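S.K.: Input: one structure, supplied below.
Just so you know, all these numbers are worked out from the coordinates, no wet-lab data involved. Quick caveat, the model's predicted, so the values are computed rather than measured. Note that each Cβ is placed from the backbone with ideal geometry, even for glycine, and that neighbours are counted across all protein chains shown.
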Amino acid sequence: MATLQGILADKQIKSDAESLAVWGKDWTNGFPVAPSAVVFPESNQQVQALVEYALAERVGLVPSGGRTGLSGGAVAGNGEVVVSFDRMNRILDFNPQDRLVTCQAGVITQSLQEYAAEQGLYYPVDFASAGSSQIGGNVATNAGGIKVIRYGLTRDWVAGLRVVTGSGELLDCNAGLVKNATGYDMRHLFVGSEGTLGLICEVDVRLAAQPAPQMVMVLGVPQVVDLLNVLAGFNQRLTLSAFEFFSDLALAKVRAHRELPAPFATPVAYYALLEFDEGSLDAAGEAFEYCVEKGWVVDGVVSQSQAQAAALWQLREGISESIAPFTPYKNDLSVTIQQVPEFLADVDQFVQDSYPDFEVCWYGHIGDGNLHLNILRPQHLSVEEFMAKGHAMSPKIFALVQARRGSISAEHGVGLLKRDFLNYSRSEAEIRLMKGLKELFDPAQILNPGKLLKA
Ligand code: 2HG
Ligand code: ZN
């Protein structure tokens, strides 16, 4: 009989109740948490041995990174063994000519950002949970975040992967090459596969040139439709690194939570947060004046120092944490940028018609079409009552997304939360082919069972 003790040292195995509770879940609530053990491999060979073990014992493996996910992708609810990459957290190699850094999957995003800066380079994928999330998890979910309009998603920076499939084979995909026209690029299949096709052990990450120091502007924009006019007005004059938005309700929550000052004296329905190179300040000033003349923007503030830039970013990046105590009904949706105002109005209308006492707290990455929909729980409803209403709401909201050929999960993944709704964004034929790929890479269905695809 195969045993975990035959593969790993005692310190690499945990099965006490507290550890099972901690490593058995991510930031998503509401799913049962019941892993049988948590293991901490230290090498690709140990990961392979764990897959052999799972095949022999017919037990599921749930890969686990920083557990900051919001779709239950790292929840182990069924006696699975959680494979944590916490001990595979070394940077293995750096190659300045190729601007490539090879990371073990458990390297924290922020550590990679800092390492890149030490080399005079830049890792541009960034988001509020960068201090805890891990590179392997970012790749598994194709993490997006706040710089996508300039730098793209995690996928764009993955130059190679070492992955163990559900058959226990270690694949070496693309090895850091820029050009490689030898057929199917399996690296990209693993990006966003949520641990269902293989366990990501190592990632070759391409780094970018360091940008100039950044400046941040926050603008007051009364109408949603004008957020896109402002975006176009700035895009015509300069290169933006970020274009985010939040509603006045979102601002109120984050300000109360972090005791932050208002960006300007009079509240406005929506705010845009823009970031750009300091050399673009004059062009940004021109764009600002143009937007004010047009009546799209009624107020604005620009950072005078790096500290002020960071303080303004808190107004956006602190929102998710600040509303968590309200146990919000959460969704992460996208449509093409041009459809954002109409889509947002559709959702607002639906919520108002169906649940007039619900408040929508809008924010997100509007510059790339990604809206975070958070509906706050009214005090008179218990968490259970509110979640039941949320459950009833989901298919209706997803139908609005589907009507616009949008995505029911723009950047947070499918996991358990969206699994049963995948058909709102992917066709029957696509889902059939996805299941075929799952069968090919994980014939015994041991990798992150029950996530992304229904059995
Ligand atoms: C963000 O952009 C994160 O702040 C979290 O993706 C979004 O909690 C959310 O809805
Ligand atoms: Zn986001």
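S.K.: Tally the residues that are under 23 Å from the mean Cα position of the chain (by Cα) and outside any loop (DSSP other than H, G, I, E, B), restricting the search to segment 18-43. Step through it out loud before you land on a result.
M.R.: Of segment 18-43, the ones under 23 Å from the mean Cα position of the chain (by Cα) are 21-33.
Checking the rest, the ones that are also outside any loop (DSSP other than H, G, I, E, B) come to 21-23.
Residues meeting the conditions: 3.
S.K.: What do you reckon, is G369 on the phi > 0 side of the Ramachandran plot and in contact with a His (Cβ under 8 Å, 6 or more places away or on another chain)? Walk me through how you get there before you give the answer.
M.R.: Working: on the phi > 0 side of the Ramachandran plot: yes; in contact with a His (Cβ under 8 Å, 6 or more places away or on another chain): no.
Considered against the rule, which asks whether it is on the phi > 0 side of the Ramachandran plot and in contact with a His (Cβ under 8 Å, 6 or more places away or on another chain), G369 comes out as no.
S.K.: Pick from segment 56-72 the residues that are surrounded by fewer than 23 Cβ atoms within 10 Å (Cβ to Cβ) and outside any loop (DSSP other than H, G, I, E, B): which of them is farthest from ligand 1 (Cβ to nearest atom)?
M.R.: Looking at the filtered set, the residue picked out is A56.
S.K.: If you don't mind, another one. Only residues that are surrounded by 15 or more Cβ atoms within 10 Å (Cβ to Cβ), in contact (Cβ under 8 Å) with a residue 60 or more places away in the chain and more than 21 Å from the chain's Cα centre (by Cα): list them for segment 89-118, please.
M.R.: R99, L100, V101, T102 - these are the residues of segment 89-118 that are surrounded by 15 or more Cβ atoms within 10 Å (Cβ to Cβ), in contact (Cβ under 8 Å) with a residue 60 or more places away in the chain and more than 21 Å from the chain's Cα centre (by Cα).
S.K.: Next question. Looking at segment 414-425, which of its residues are farther than 20 Å from E321 by Cα and within 16 Å of ligand 1 (Cβ to nearest atom)?
M.R.: Keep residues of segment 414-425 that are farther than 20 Å from E321 by Cα, which gives 414-416, 418-425.
Across segment 414-425, the qualifying residues are V414, G415, K418.
S.K.: Report the residue count in segment 416-451 for those that are among the hydrophobic types (A, V, I, L, M, F, W, C), in a helix (DSSP H, G or I) and closer than 20 Å to G166 by Cα. Before you say what the answer is, go through the steps one by one.
M.R.: Initially, segment 416-451 is screened for residues among the hydrophobic types (A, V, I, L, M, F, W, C), giving 416-417, 421-422, 429, 431, 433-434, 437, 440-441, 444, 446-447.
After this cut, where a residue has to be in a helix (DSSP H, G or I) as well, the list is 421-422, 429, 431, 433-434, 437, 440-441.
Narrowing the set further to residues that are closer than 20 Å to G166 by Cα leaves 431, 433-434, 437, 440-441.
Residues meeting the conditions: 6.
S.K.: Here are E385, E439, E411, E428: which of them is away from ligand 1 (no atom under 16 Å from the Cβ), charged (D, E, K, R) and under 30 Å from V81 (Cβ atoms)? Break it down into steps so the answer makes sense when it comes.
M.R.: Values: E385 fails: under 30 Å from V81 (Cβ atoms); E411 fails: away from ligand 1 (no atom under 16 Å from the Cβ); E428 fails: under 30 Å from V81 (Cβ atoms).
That would be E439, the only listed residue that is away from ligand 1 (no atom under 16 Å from the Cβ), charged (D, E, K, R) and under 30 Å from V81 (Cβ atoms).
S.K.: From I366, I337, which residue is within 24 Å of the chain's Cα centre (by Cα), of a type in the set (A, V, I, L, M) and crowded, with 22+ Cβ neighbours inside 10 Å? Don't jump to the end; show me each part of the working.
M.R.: Numbers: I337 fails: crowded, with 22+ Cβ neighbours inside 10 Å.
Answer to the check: I366.
S.K.: Can I ask one more? What are the pairs with Cβ atoms under 8 angstrom where one residue, in segment 379-397, is in contact (Cβ under 8 Å) with a residue 60 or more places away in the chain and the other, located anywhere, is exposed (fewer than 11 other Cβ atoms within 10 Å of the Cβ)? Sequence gap at least six, or different chains.
M.R.: From residues that are in contact (Cβ under 8 Å) with a residue 60 or more places away in the chain, there are no pairs.
S.K.: Sticking with this one: Pairs, please: C-beta under 7 Å, at least 6 apart or cross-chain, first residue at positive phi and in segment 406-417, second more than 15 Å from ligand 2 (Cβ to nearest atom) and among the charged types (D, E, K, R)?
M.R.: Listed pairs, sorted by first residue: G413/E194; G415/E194; G415/K451.
S.K.: A further question on this structure: Name every residue in segment 112-130 that is away from ligand 1 (no atom under 11 Å from the Cβ), over 21 Å from L240 (Cβ atoms) and touching a Gly at 6+ places or on another chain (Cβ under 9 Å), in order of residue number.
M.R.: Once the filter is applied, which keeps residues that are away from ligand 1 (no atom under 11 Å from the Cβ), over 21 Å from L240 (Cβ atoms) and touching a Gly at 6+ places or on another chain (Cβ under 9 Å), segment 112-130 yields nothing.
S.K.: Give Q46, Q5 a once-over and let me know the one that is free of Cβ contacts under 8 Å to residues at least 40 places away in the same chain and either β-branched (V, I, T) or not in a helix (DSSP H, G or I) (or both). First the steps, then the outcome.
M.R.: Numbers: Q46 fails: either β-branched (V, I, T) or not in a helix (DSSP H, G or I) (or both).
Checking each option against the conditions leaves just Q5.
S.K.: Still on this model: So which residues in segment 140-158 are away from ligand 1 (no atom under 15 Å from the Cβ) and closer than 12 Å to F190 by Cα, if there are any at all? Reasoning before the result, please.
M.R.: Quick first cut of segment 140-158, residues away from ligand 1 (no atom under 15 Å from the Cβ) only: 140, 150-152, 155-158.
Matches in segment 140-158: A140, R155, V158.
S.K.: Is it true that M434 is within 16 Å of ligand 1 (Cβ to nearest atom), over 21 Å from Q338 (Cα atoms) and among the aliphatic types (A, V, I, L, M)? If you could, list the steps in order and put the result at the bottom.
M.R.: Details: within 16 Å of ligand 1 (Cβ to nearest atom): no; over 21 Å from Q338 (Cα atoms): yes; among the aliphatic types (A, V, I, L, M): yes.
No, not satisfied.
S.K.: Select the helices (runs of 4 or more DSSP H) contained entirely in segment 90-170, then report the ones holding at least 3 residues which are of a type in the set (A, V, I, L, M, F, W, C) and more than 16 Å from ligand 2 (Cβ to nearest atom).
M.R.: The helices (runs of 4 or more DSSP H) meeting that bar are 109-118, 135-141.
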